[in-house]
1. Using a Förster distance of 25 Å, how high is the FRET efficiency between D15 and E133, based on the Cβ-Cβ distance and rounded to 0.05?
2. What is the spin-label model distance, in nm, from N196 to D49 if the labels are put 7 Å beyond Cα along the C-beta direction?
3. Could you work out how much longer the chain between T183 and K112 gets when fully extended? Use 0.36 nm per residue separation minus the Cα distance between them, nm to one decimal.
4. Kindly flag which residue pairs out of K7/K48; K14/K57; K48/K129; K89/K117 have an alpha-carbon separation exceeding 20 Å in this structure.
5. Can you give me the C-alpha center-to-center distance between the range 6-37 and the range 132-196, rounded to a whole angstrom?
6. Using the beta-carbon distance between T35 and N176 and R0 = 45 Å, what value does 1/(1 + (r/R0)^6) give for FRET efficiency, to the nearest 0.05?
7. If you take every residue apart from V5 with its C-beta less than 14 Å away from the C-beta of V5, what net charge results, scoring Lys and Arg +1 and Asp and Glu -1?
8. Probe 1.4 Å, all protein chains in place: accessible area of T24 in Å², nearest 10?
Amino acid sequence: NTELVAKVGNAYYKDLLTAIEASTPENAAVLLHDTNLTQIELTAENEKDYVLDLNGKTLSFANDKNNGSLTINNGLITCDGSASCISVKRTDAKTEAENHPILNLNNDIYSKATAIKAVHNVEVNVTGKIEVEEWVNAISGLGNPTDKGTIFNITGAEIIARAGTGIYLPNIGTANIIDSKITALLPIGIKSGILNVAIPKPIKPNTPIIIY
């Protein structure tokens, strides 16, 4: 049934957002076939955690915002719009820094525009492949001097931005890059914050890390 886009346990859903909102870390929303969306907006006032299993399928959409946490596994996200593919932000300025939104991406993303934009005090964990086409930032973090800023944990990932920047931190924040490969015109650009890089030995020659 092509009208049913996802399931959670034995419950089937025509609307993916409804399925995601019904998911839990123990019982993921499972995508049943390739799906196109305008956007996903999740608001979790009770700090609920959501899990979406792409089930080897492709999810195409514009952006994603949430106040709890969202985990996406096992598939491909494609974005053709001019806006950021995935945008995650802390929408409540009164939220304590420790109670930040979390986005876990254990899948691949192909985007024409910026693949991931994190705003204010949020955490983004990436383990898959991210590729962007245009002269844009593959991953961009916009922090705030009043909070702890964005936190990026890039582990065992591959980031490709041949005409742009791999990881861009213009404001306060932290980027932890472990055993990952970045192929970009400017692999890393940081104006403010902390950069921690751990790469396999031996270090390959001509692998620039630029901080400005």
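1. Computed FRET efficiency for D15 and E133 comes out at 0.25.
2. For N196 paired with D49, the spin-label model returns 2.0 nm.
3. 24.0 nm
4. Table pairs above 20 Å Cα-Cα are K48/K129.
5. 30 Å
6. For R0 = 45 Å, the calculated efficiency reads 0.90.
7. For residues surrounding V5, the net value is -2.
8. Here the accessible area works out near 50 Å².
The values are calculated or read from the model by the stated rules, or taken from the named source; none is laboratory data. Just so it is clear, the structure is predicted and the values come from calculations on it, not from any experiment. Every residue, glycine as well, gets a Cβ built from its backbone with ideal geometry; the counts of neighbours run over all protein chains shown. These area figures cover heavy atoms from the full protein model, side chains too; ligands, DNA and RNA do not enter into them. Shrake-Rupley method; radii C 1.70, N 1.55, O 1.52, S 1.80 Å.
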